[in-house]
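Everything below concerns the one structure shown next.
Throughout, read-outs are computed from the coordinates displayed, never taken from laboratory work. Because the structure is predicted, anything quoted here is derived from the model rather than measured. Neighbour counts are summed over all protein chains in view; Cβ atoms, including those assigned to glycine, are modelled from backbone coordinates with ideal geometry.
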Amino acid sequence: MLLFEGVRIISFAPQAVSEPVDVAVDGARILEVGSALAARYPKALRERAPAYVSPGLVCAHNHFYSALARGLTVEILPSRDFAQQLAHLWWRLDRSLDESITRSSALAGAADAVMSGVTAVVDHHASPELIDGSLSVLREGFETVGLRGVLCYETTDRNGKEGAGRGVRENIRFAREVDGLRSEGREPLVEAAIGAHAGFTLEEDTLSALGEAVRSTGRGLHTHAAEDRYDASDSRHRFGADLAVRLDRAGCLNPKSIVAHGLYLTREEMELLNEREVFLAHNARSNMNNGVGYNTLLPGYRYSVLGTDGIGSDMLEEAAFAFFKHRDAGGLLWPPDFLAMLDRGNRILDRYFGRAEGSKGDAGGGALRFGRVEAGYAADLVFWDYDPPTPLLGDNLGGHIMFGMTSRSVRSVMVNGRFVVRDRIPQFDAQGIYAEARVQTRRLWRRMEERK
């Protein structure tokens, strides 16, 4: 048992900063929060902690397969629009991934995430030349670093029917792998979703197969939708229906589903996603980078969350960019609204990792819950070394995060009750991970050149 004494708890939603308290952690969960807990737990290992502790941050949409694209020097043809950008860059990159590159991408992405205070990443993977078993390779990277995750394979028809079928089967296979761990009484660190690329690369039979995979595995669909105008117009032109309606007809929308971007969904589609309790993953920096526009309906989504779409995993930076871009677009949301989106990523974890009380594999004797520093919640925690020049209060927490507090303030990170970063020192072989990543990056870039 670990006892953190005299820490102030940061809550993102509702915004709050507590007076100094003690936090007792036993195994994977928070045992108790209160005062003078050393007297109650005299055998606990007393930890000298930084001034502030918060729930772990969640990146609700990412692509670790792009982790080795930083500083890319491969020649890329100019692109007239987003569809060409996909073909010229990202589809060349994902076709160039093999097992070694995929493993290194997962490790490097996970290492970056935890060093930024992120304790869970919802990843959307693609590697057309390594489909079978690819999610297990990613899982290995997450678990080596100690990062929690929800993984899926990006099923698409753009590489032919055989590739699409293999994508569906890989999603199902991995979900069964996770189910097998649970049947053994284990609580896996990584969960499974059912993945799909954007609707304009999915034919109706593939979409139907994905809907059946959602039903048979009890998971949700994780997909891109209406990131660009073309995706929305293609759905109406070829299939005579709005994109969200297509997804719903196929049985792909449920409370575990995640729709990334959604810039050009209609108000009626927004209401449909709200009715189905689907998460809308907003990725402000990626949208700006790709020049695809802005989601003017963002305030209307009940289950909006924040992702990065492959631009690292720094969620405080993402929240700040999301706020600034919203203000630039004339929006009326304020910092607490974006902190609520950041906090809402924990609801994804609740829906994927939460167990009914007394269920098999639930050693803690209750549902696994996320996003609070309270008794019974998962011990996914971030300890912050933040010494503000102005008072840090519940009422102004959003202002501190948007205008001052950054991931540089991360001191220690705990996932599932275990330190993965302690006093800024990774508790895994970060030096080895990054050295190997540089080797695999050179291979990746050479392979991309071969696939012009």
Extended-chain gain in nm, criterion 0.36 nm per residue less alpha-carbon gap, S35 and R327:
101.0 nm
Relative contact order for the chain using alpha-carbon pairs under 8 Å, separation at least 6, rounded to a whole percent?
22 percent
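Extension gain R176-A83, at 0.36 nm per residue separation less the Cα-Cα distance, in nm?
Numbers: separation 93, 0.36 × 93 = 33.48 nm, distance 3.38 nm.
Roughly 30.1 nm would be gained on extension.
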Residue exposure sequence - V373, V245 - by fewest surrounding Cβ within 10 Å:
V245, V373
With no solvent term and unit scatterers on the alpha-carbon positions of the chain, Debye gives log₁₀ I(q)/I(0) at q = 0.08 Å⁻¹ of -0.43
Quickly estimate the mean residue ellipticity at 222 nm for the chain, helices only: each DSSP H run with n ≥ 4 gives -39500 (n - 2.57), and the total goes over all residues, rounded to 500.
-11500 deg cm²/dmol
Neighbour-count ranking [beta-carbon atoms within 10 angstrom, fewest first] of M448, M115, M341, M1
M1, M115, M448, M341
With a Förster distance of 25 angstrom and the Cβ-Cβ distance between E204 and T296, calculated FRET efficiency to the nearest 0.05 equals 0.25
Reduced to Cα centres, the span from region 269-286 to region 381-439 in Å works out to 28 Å
How much of the DSSP bridge set in the chain is antiparallel, in percent, rounded to the nearest 5?
45 percent
Which is farthest toward the positive dipole end of the chain among L189, L280, F324, measuring Cα position about the Cα centre, with Cβ charges +1 (Lys, Arg) and -1 (Asp, Glu)?
L189
With unit charges on the beta carbon (Lys/Arg positive, Asp/Glu negative), name the residue among I348, G300, S105 whose Cα is farthest towards the positive pole of the charge dipole of region 57-352.
G300
Kindly give the semi-axes, whole Å and largest first, of the ellipsoid equivalent to region 32-136, taking each as the square root of 5 times a Cα gyration tensor eigenvalue.
42, 16, 12
In whole percent, what relative contact order does region 1-157 give with Cα contacts below 8 Å and a gap of six or more residues?
20 percent
Roughly how many whole Å is it from the C-alpha centroid of region 177-225 to that of region 62-96?
25 Å
Just grab the label-to-label distance for R186 and S233, each label 7 Å out from Cα along the Cβ direction, in nm (one decimal).
4.9 nm
Just to be sure I understand the model, the point goes 7 Å from the Cα along the line to the Cβ. What's the resulting E436 to A367 distance in nm?
3.8 nm
Gain in length, R408 to M288, computed as 0.36 nm per residue apart minus the alpha-carbon separation, to one decimal in nm?
40.8 nm
Sequence of K161, K43 once ranked by neighbouring C-beta atoms within 10 Å, starting from the fewest:
K43, K161
With +1 on the Cβ of every Lys and Arg and -1 on the Cβ of every Asp and Glu, the dipole magnitude of region 265-391 about its Cα centre, in debye rounded to the nearest 20, is 240 debye
Which value results for Rg/Rh of region 324-452 when Rg is the Cα radius of gyration and Rh the Kirkwood radius based on the inverse mean 1/r?
1.07
So for the pair D98, E277, with labels modelled 7 Å out along Cα→Cβ, what separation do we get in nm?
4.5 nm
With +1 on the Cβ of every Lys and Arg and -1 on the Cβ of every Asp and Glu, the dipole magnitude of the chain about its Cα centre, in debye rounded to the nearest 20, is 460 debye
